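This report refers to the structure that appears directly beneath it.
The values are calculated or read from the model by the stated rules, or taken from the named source; none is laboratory data. Everything numeric in this text was worked out from a predicted model, so none of it was measured. Cβ sites come from the backbone with ideal geometry, for glycine too, and all protein chains shown count toward neighbours.
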Amino acid sequence: MTKQDDLSRSLDRYLDGRPGELSVSVRELRTGASFSYNRALRTATASIVKVDLVAALLLRAQRRRRGLSTWERRQAALAIEVSDNDAASALWSVIGGGRGLAAANRRLGLRRTVPGPDGAWGATTTSAADQVRLLTALTSAASPLNAVNRRHLLRLMANVAPEQAWGVSAARRPGSDVALKNGWLPRERDDGRWTINSIGRVRGDDHDYLIAVISRGNAGMGAGIAAVEHVAELVTRTLAGDR
């Protein structure tokens with residue numbers, strides 16, 4: 001049995017009996033090590049889609065061979081750093097709504113992300129693997145986003161409000177830099193249970209992780225955050241042991 005098999009079993013044991021479902025995808029950029037669990041799960045993005053919206057905005061500006069306007073920069077910062085919903089709605093409109101987001105996602109290499117209906121950007125559905133593909137577009141020289149725009153979006157993610165810095169930051173080690181975005185939403189279709197998602201990059205001298213943890217049906221926000229953080233820390237610690 002491989003260490004990845006052991007890790008999957010550990011996750012099975014941890015999640016057994018807990019309400020809801022969870023999926024995780026991790027890629028270590030320095031070594032190429034990767035791990036995925038419960039690949040089939042799709043959840044509503046909630047506010048993690050704001051990274052996708054800003055990426056679409058940046059692609060739009062690139063097509064027009066310009067940088068972001070002062071207003072666009074402000075809306076992007078509000079959407080990522082404090083998770084402002086009005087800013088996200090404004091960006092959704094600017095990029096062309098669901099059709100614009102879908103077009104951007106084709107360029108970014110996302111395969112299983114479906115924009116929300118009727119302007120409901122938080123109801124966009126996605127997979128953990130697609131969120132790692134999005135993070136890859138923020139970190140790879142092969143990205144359709146140019147280097148300036150990749151750095152800009154990662155800087156916003158590194159500057160989220162302290163009270164929103166939970167989630168994949170649990171994989172931080174001493175000296176690590178973290179860039180992340182979280183999403184949280186109680187959903188009527190899940191009887192008021194919580195969708196809790198966290199995506200981001202955790203980078204240090206000897207590690208560079210892209211991490212996406214998505215979940216639905218959590219009993220509460222706190223319980224969902226605890227599960228996401230436990231899984232992010234467990235998976236990255238195990239991958240580090242593979243080196």
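Quick look at the values:
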item: Exclusive hit being over 18 Å from Thr43 (Cα atoms), modelled with pLDDT under 95 and of a type in the set (Lys, Arg), set Arg243, Arg203; result: Arg243
item: Some residue of segment 217-236 being assigned to a strand (DSSP E or B), over 15 Å from Glu21 (Cβ atoms), in contact with a strand residue (DSSP E or B) (Cβ under 8 Å, 6 or more places away or on another chain) and among the hydrophobic types (A, V, I, L, M, F, W, C); result: no
item: Options Glu72, Glu28: the member that is acidic (Asp, Glu) and in contact with a Phe, Trp or Tyr (Cβ under 6 Å, 6 or more places away or on another chain); result: Glu28
item: Among residues of segment 12-36, those that are surrounded by fewer than 21 Cβ atoms within 10 Å (Cβ to Cβ), of a type outside the set (D, E, K, R) and either in contact with a Pro (Cβ under 6 Å, 6 or more places away or on another chain) or within 25 Å of Ala219 (Cβ to Cβ) (or both), counted; result: 6
item: Residue in segment 85-94 that is modelled with pLDDT of 95 or more and under 17 Å from the mean Cα position of the chain (by Cα) present; result: yes
item: Pair list, Cβ < 6 Å and 6+ apart or interchain, from segment 216-241 residues that are on the phi > 0 side of the Ramachandran plot to residues that are part of a helix (DSSP H, G or I) and buried (at least 17 other Cβ atoms within 10 Å of the Cβ); result: Gly217/Asp190
item: Count of residues meeting criterion [surrounded by fewer than 20 Cβ atoms within 10 Å (Cβ to Cβ) and either over 22 Å from Ala226 (Cβ atoms) or under 15 Å from the mean Cα position of the chain (by Cα) (or both)] in segment 155-165; result: 5
item: Top-ranked residue in segment 25-70 [being of a type in the set (Ser, Thr, Tyr) and assigned to a helix (DSSP H, G or I); ranked as nearest to Leu135 (Cα to Cα)]; result: Ser47
